[in-house]
1. Using 1/(1 + (r/R0)^6) with R0 = 22 angstrom and r between the beta carbons of K149 and I73, what's the FRET efficiency to the nearest 0.05?
2. Working out 0.36 nm times the residue gap between E139 and T28, then minus their Cα-Cα distance, what length gain in nm do you get to one decimal?
3. Let a ≥ b ≥ c be the square roots of the eigenvalues of the Cα gyration tensor of the range 91-152; is it rounded (a/c under 1.5), or, if not, prolate (a/b larger than b/c) or oblate?
4. Inverting the mean 1/r over all pairs of different Cα atoms, compute the Kirkwood radius of the range 9-56 and quote it in Å.
5. Where a ≥ b ≥ c are the square roots of the eigenvalues of the C-alpha gyration tensor, would you call the range 65-115 rounded, which needs a/c under 1.5, or, failing that, prolate if a/b is larger than b/c, or oblate?
6. Report the dimensions of the chain along its three principal axes from the alpha-carbon atoms, largest first, rounded to Å.
7. Whole Å is fine, so just give me how far the alpha carbon centre of the range 76-92 lies from that of the range 127-146.
8. How large is the charge dipole for the range 1-134, taken about the Cα centre, if only the Cβ atoms of Lys, Arg (+1) and Asp, Glu (-1) carry charge, to the nearest 20 debye?
Amino acid sequence: MGILTDDMKRVVREQRLGFVATVCPDGTPNLSPEGTTAAWGDDHLVFADIRSPGTVANLRRNPAVEVNVVDPILRKGYRFKGTAEILSEGALFQELSEFYRRDPRIHRIVLIKVEQALPLISPAYDQGMTEDQVRARFESWQASLRAGKSSGTPDE
């Protein structure tokens, strides 16, 4: 059995947007939203490099990476830590290109060996809130934003 559980794979599949953290040459963090994030087997995540030259350059220098995938409505998700490999040719690159339907915008594919996966859960659940309550609070906040009545946070 791999490190990725069925629930982790579900969240990644449903959300697709992963926030990928890498380290810049000067040691500062770099965070890049990757809308092609997917689970690949039981131990890997992947994303397609469509417009992420800085992220790819950082990973070439230092393959350490963290990816956060969160359901913004339920305020739950996962953080995945691992090591990245940049693919631009070969059998696995071809297989992953097929997975992404040979999108011509894809320059490279990043394969991440997940070494640690931990849950991300909003403190709202520490207060005893249920998923339905968290969802209702978020939807109420969104409605107030659309009506121009709030500039605060969904915690109000």
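Each reported figure results from applying straightforward, stated rules to the coordinates on display, with no laboratory input. Note that this is a predicted model, so its numbers are computed, not measured. Cβ sites come from the backbone with ideal geometry, for glycine too, and all protein chains shown count toward neighbours.
1. On the way: r = 19 Å, r/R0 = 0.89.
Between K149 and I73 the formula returns 0.65.
2. Values: separation 111, 0.36 × 111 = 39.96 nm, distance 3.52 nm.
That pair, E139 and T28, stretches by 36.4 nm at full extension.
3. Working: a/c = 4.02, a/b = 1.91, b/c = 2.11.
Oblate, because a/c is 1.5 or more while a/b does not exceed b/c.
4. Working: mean 1/r = 0.0868 Å⁻¹.
In the range 9-56 this quantity evaluates to 11.5 Å.
5. Numbers: a/c = 3.17, a/b = 1.70, b/c = 1.86.
Verdict is oblate for the range 65-115.
6. On the principal axes, the chain reaches 51, 36, 33 Å in Cα extent.
7. 33 Å
8. Values: 16 positive and 19 negative charges, 78 e Å.
In total the dipole reaches around 380 debye.
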